[in-house]
Amino acid sequence: MTQTARVPRPRRALSESVPTAEPGSPVPDVVRRRLSPALLDPYAWPAALFVTMLAGVLRLSNLASPGGKMFDETYYATDAHYLLEKGFEWNEKENTTGYVVHPPLGKWIIGLGEQVFGYNELGWRISAAVFGTLSVLLLTRIAMRMLGSVVLGCAAGLLMAFDGMHFVLSRVAMLDIFLMFFILAAFGALVLDRDQRRARWLRFLADGGDPLARGRRSRPPGAVPWWRLAAALLFGCALAVKWSALAFAPVFVLLVLWWEVGARRSAGVRRPIRDTILDETGWLLAGVPITAVVYVASWTGWLSTDGGYARHFLRDSGQDEPPFWGALRNLAHYHEVAYASHQAITEAHTYQSVGEWAPIQWLLLGRPVLFYRNENIPCDADKCMADVLLLGTPLLWWAFIPALLAAIWFGIARRDWRAGAVLAMTAAALIPWFFFPARTMFYFYALPAEPFLILALVFVFGAAMTPPPGRPPDPDRQLFGSVMAGVFVLLVVVVFAYYHPIYTGGSLPYEDWSRRMLLGNLWI
């Protein structure tokens, strides 16, 4: 019996299509085009800014309505006010030091709006609106860079701009929009780091460098990973908003190592894994103190004053309290108490996500969260309702599970790094919550996953438009895929417009309100 030898699938090398150049000359446009064709498109930035402006108008319009503090604004808007006034949180009901379980950065950011516009609805909501709008810009640009398409990048931005959950959380004084922003920004910085490192390898090859030269390690010149260090700083900001950011740390490390090994292997390096470990471990470790400094700096108000909770734990418990180390030991004790409190959050809530499958419930919109309701609002009908309901745009969210499955398929079939990166980030955002089935959880915990769910969906659109590597372009396939993607985005906008009144506290006749409650009691 004759066996046919399997021919290995050829790998695309970085050196393909890289012209030689004089040492020190600018990086050729073909190098930039190899990294992302959208980088050279003159319409990329204007298109991204237009999508961002649209998102901003939606989020800033009538921002101070409804009046009063909605849902957890009771805590975070108040904490932000006292951070500005005292440097630490304060319990105004009991007239005593406030004890909180979340780090202070998100509340400092809310406080900036209160500092500018006053302690009112506009003041405590404006920061969320600004960060929500900027996150649309971030996602648009990241999608353009990863997918190499201005159209797909704008599609990603529009889907975020017209998502109900992102919209509502961009209009309330809560922490989750800031957590999502910094996680997305850190991921974007790592994508830029990937492109920067690959560009250096391309420059190295264009200058006639030999990655297989005997006796030299495969390190491109001038390889300080500034964007990677920026990612460490941004991750520190995310951690200083909520500790749940910790789940993304191992994924960030794995992405850096995976992309570095891939770049070196494509450049023809003899031992890409060994060289990556030798060259990059130090830079990864350098990110740890950056993250730590940023995190501790967010506690400056607590550290520089005397009235914060457990600020002088050592002294009050009869122990020595050195000026510097004592303050850090007190801060460590605060964190021990806060961690124990997080573990004890098991009290039932009307709008909690129930059961050990809560993350799946989020994707299915099984239990949205009611932020505000007025059943006695005057109107022309017999009865009207006014809600602010934290509910993702249904068509968009119900497309996420099939999009994830399709992204897995395309990622494996085409060995596409983009699918792997997006799926890894989605997993970091959702999977850890499966391990805390007894904890009280809410739908807004899913917000950090949303940009990556959208990226997965848009990636699938792009994959459906293009044939597998090695096959010629198919204009009919591209046209059909483009039309389908455009129709989907348009339908999401229409569904968002239909639900807009229950995102903003608008008055609706009871019958119209009831028709929007597609899952009945689960949404009421």
Count of segment 283-302 residues which are over 15 Å from PRO225 (Cα atoms) and either surrounded by fewer than 18 Cβ atoms within 10 Å (Cβ to Cβ) or within 27 Å of the chain's Cα centre (by Cα) (or both): 12
Conditions (1) part of a loop (DSSP other than H, G, I, E, B); (2) at pLDDT below 80; (3) under 26 Å from the mean Cα position of the chain (by Cα): number failed by ARG9: (3)
Yes/no for VAL293 being part of a helix (DSSP H, G or I), closer than 22 Å to LEU423 by Cα and either touching a Gly at 6+ places or on another chain (Cβ under 7 Å) or of a type in the set (Val, Ile, Thr) (or both): no
Qualifying residue in segment 466-481 (condition: in contact with a helix residue (DSSP H, G or I) (Cβ under 8 Å, 6 or more places away or on another chain) and among the aliphatic types (A, V, I, L, M)): no
Residue ID - most open to solvent (accessible area, probe 1.4 Å), chosen from residues in segment 129-165 that are among the charged types (D, E, K, R) and modelled with pLDDT of 95 or more: ARG141
Test: residue in segment 304-315 that is of a type in the set (Asp, Glu) and touching a Leu at 6+ places or on another chain (Cβ under 9 Å): no
Count of segment 430-468 residues which are open to solvent by 10 Å² or more (accessible area, probe 1.4 Å), within 27 Å of GLY132 (Cβ to Cβ), of a type outside the set (Phe, Trp, Tyr) and touching a Pro at 6+ places or on another chain (Cβ under 8 Å): 2
Pairs, first part of a helix (DSSP H, G or I) in segment 431-460, second aromatic (Phe, Trp, Tyr) and open to solvent by less than 10 Å² (accessible area, probe 1.4 Å), C-beta under 7 Å, six or more apart: TYR443/TRP362; ALA446/TRP362; LEU453/PHE400; LEU457/PHE400
Members of segment 350-374 found to be open to solvent by 50 Å² or more (accessible area, probe 1.4 Å) and modelled with pLDDT of 85 or more, listed by number: THR350, ILE360, LEU364, TYR372, ARG373
Hits in segment 99-128 - residues which are open to solvent by 10 Å² or more (accessible area, probe 1.4 Å), among the small types (Gly, Ala, Ser) and in contact (Cβ under 8 Å) with a residue 40 or more places away in the chain: SER127
For THR74: the one exception among (1) part of a helix (DSSP H, G or I); (2) over 19 Å from VAL388 (Cβ atoms); (3) of a type outside the set (Phe, Trp, Tyr); (4) open to solvent by 50 Å² or more (accessible area, probe 1.4 Å): (2)
Selection within segment 474-483 - assigned to a helix (DSSP H, G or I) and either modelled with pLDDT under 85 or surrounded by 13 or more Cβ atoms within 10 Å (Cβ to Cβ) (or both): PRO475, ASP476, ARG477, GLN478, PHE480, GLY481, SER482
Any hit, segment 316-328, residues being within 20 Å of TYR82 (Cβ to Cβ), in a helix (DSSP H, G or I) and open to solvent by 20 Å² or more (accessible area, probe 1.4 Å): no
Candidates GLU280, GLU336, GLU347, filtered to the one that is part of a loop (DSSP other than H, G, I, E, B) and either more than 23 Å from ILE109 (Cα to Cα) or open to solvent by 70 Å² or more (accessible area, probe 1.4 Å) (or both): GLU347
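Residues are listed down the side, and each one gets a yes or a no for (1) in a helix (DSSP H, G or I); (2) modelled with pLDDT of 95 or more; (3) within 30 Å of GLY481 (Cβ to Cβ); (4) not hydrophobic (A, V, I, L, M, F, W, C):
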site	(1), (2), (3), (4)
GLY113	yes, yes, no, yes
ARG197	yes, no, no, yes
PHE204	yes, no, no, no
GLY208	no, no, no, yes
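The values are calculated or read from the model by the stated rules, or taken from the named source; none is laboratory data. Every value quoted in this text rests on a predicted model; they were computed, and no experiment measured them. Virtual Cβ from ideal backbone geometry, glycine too; neighbours counted across all protein chains shown. Note: areas computed on protein heavy atoms with side chains; ligands, DNA, RNA excluded. Shrake-Rupley method; radii C 1.70, N 1.55, O 1.52, S 1.80 Å.
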